[in-house]
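The next block holds one structure in the form of structure tokens; read it before the comments.
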Amino acid sequence: MRPKHITRVRAYWEGLRKNGALPQRADVDPRALPDLLPNVFLLEHVAPSVVRFRHTGALLPEIMGMDVRGMPFLSLIDPGEREALVSQVDRVFHDPAILDMELASAVPGPARLGARIVLLPLQTFRGVDMALGCIETEGLIGRPPRRFRPLRVLSERVGVLEPGAGFAEPAAPFAPGRPALRLVHSSDHKISRDDDPRE
């Protein structure tokens, strides 16, 4: 597959990065890619190892034969293949990372269907808990639901520049020790003639 749509969506995502930071969910504007809206979707990381569709274009409901909003992302995958992908999908939000998957229909036959999916991490005020996704297909959708098995899965860690990186000094560890001050009574020290400030 030549993922023309995915290439454009990734370039758009890269353009939203400011000073090396991940794009903000609030900065994603559907009007920027109007002709790609059928292929684009949003995911939300709602709990450990639980990632659900938040918004989708028209292509995913056509593939699955139903509205997939609120459904797990891995519902697209053949049940026997899902467990192996859980950690890869989690990395999108935890590392964070870009996930690029090449897929094939889990049901062999004349209605061959291939797909390519990319997931691009986004941050909100809660942290990195959303992802911008794009799917491209090749072949006949046929009778839904169509599920896939992974042929190739690539995970690319995203370099994220933290605010103020390169300028902050490393924090010095706290080392408890003896007090720097002690209480002194005048009787503890008699001023000698040499110490008398009046002379």
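Hey, any hits in the stretch 67-83 for a residue that's of a type in the set (Phe, Trp, Tyr), in contact with a strand residue (DSSP E or B) (Cβ under 9 Å, 6 or more places away or on another chain) and over 21 Å from residue 16 (Cβ atoms)?
Within the stretch 67-83, the subset of a type in the set (Phe, Trp, Tyr) is 73.
Adding the requirement that they be in contact with a strand residue (DSSP E or B) (Cβ under 9 Å, 6 or more places away or on another chain) leaves 73.
Still in the running and over 21 Å from residue 16 (Cβ atoms): 73.
Within the stretch 67-83, one or more residues are of a type in the set (Phe, Trp, Tyr), in contact with a strand residue (DSSP E or B) (Cβ under 9 Å, 6 or more places away or on another chain) and over 21 Å from residue 16 (Cβ atoms).
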Is it the case, given these coordinates, that residue 179 is modelled with pLDDT of 90 or more and either open to solvent by 60 Å² or more (accessible area, probe 1.4 Å) or in a loop (DSSP other than H, G, I, E, B) (or both)? no
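With respect to residue 144, is the statement that it is on the phi < 0 side of the Ramachandran plot, part of a loop (DSSP other than H, G, I, E, B) and surrounded by 12 or more Cβ atoms within 10 Å (Cβ to Cβ) true? So that I can check it myself, show each step before the final result.
On the way: on the phi < 0 side of the Ramachandran plot: yes; part of a loop (DSSP other than H, G, I, E, B): yes; surrounded by 12 or more Cβ atoms within 10 Å (Cβ to Cβ): yes.
Here the answer is yes, as residue 144 does meet what is asked.
Which residues, taken from the stretch 108-140, are open to solvent by 10 Å² or more (accessible area, probe 1.4 Å) and touching a residue at least 40 places away in the same chain (Cβ under 8 Å)?
If we filter the stretch 108-140 for residues that are open to solvent by 10 Å² or more (accessible area, probe 1.4 Å), which is where we start, we get 108-112, 116, 123-129, 136-140.
Selection gives 116, 123, 124, 128, 129, 136, 137, 138.
Determine if the stretch 67-84 includes at least one residue that is open to solvent by 50 Å² or more (accessible area, probe 1.4 Å) and at positive phi.
Keep residues of the stretch 67-84 that are open to solvent by 50 Å² or more (accessible area, probe 1.4 Å), which gives 67, 69, 72, 78-84.
This time we only want the ones that are at positive phi, so: none.
The answer is no; no qualifying residue exists.
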Scan of the stretch 55-66 for residues that are of a type in the set (A, V, I, L, M, F, W, C) and surrounded by 15 or more Cβ atoms within 10 Å (Cβ to Cβ), ordered by number: 59, 60, 63, 64
Residue check, residue 102 at pLDDT 95 or above, within 16 Å of residue 154 (Cβ to Cβ) and open to solvent by 10 Å² or more (accessible area, probe 1.4 Å): yes
For the stretch 17-38, indicate whether the set of residues that are touching a strand residue (DSSP E or B) at 6+ places or on another chain (Cβ under 7 Å), under 22 Å from residue 152 (Cα atoms) and not small (Gly, Ala, Ser) is non-empty. no
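The values are calculated or read from the model by the stated rules, or taken from the named source; none is laboratory data. As the structure is a computational prediction, the values presented were derived from the model and not from experiment. Here Cβ is always computed from backbone atoms with ideal geometry, including for glycine, and neighbour counts include all displayed protein chains. Heavy atoms of the whole protein, side chains included, go into the accessibility calculation; ligands, DNA and RNA do not. Shrake-Rupley method; radii C 1.70, N 1.55, O 1.52, S 1.80 Å.
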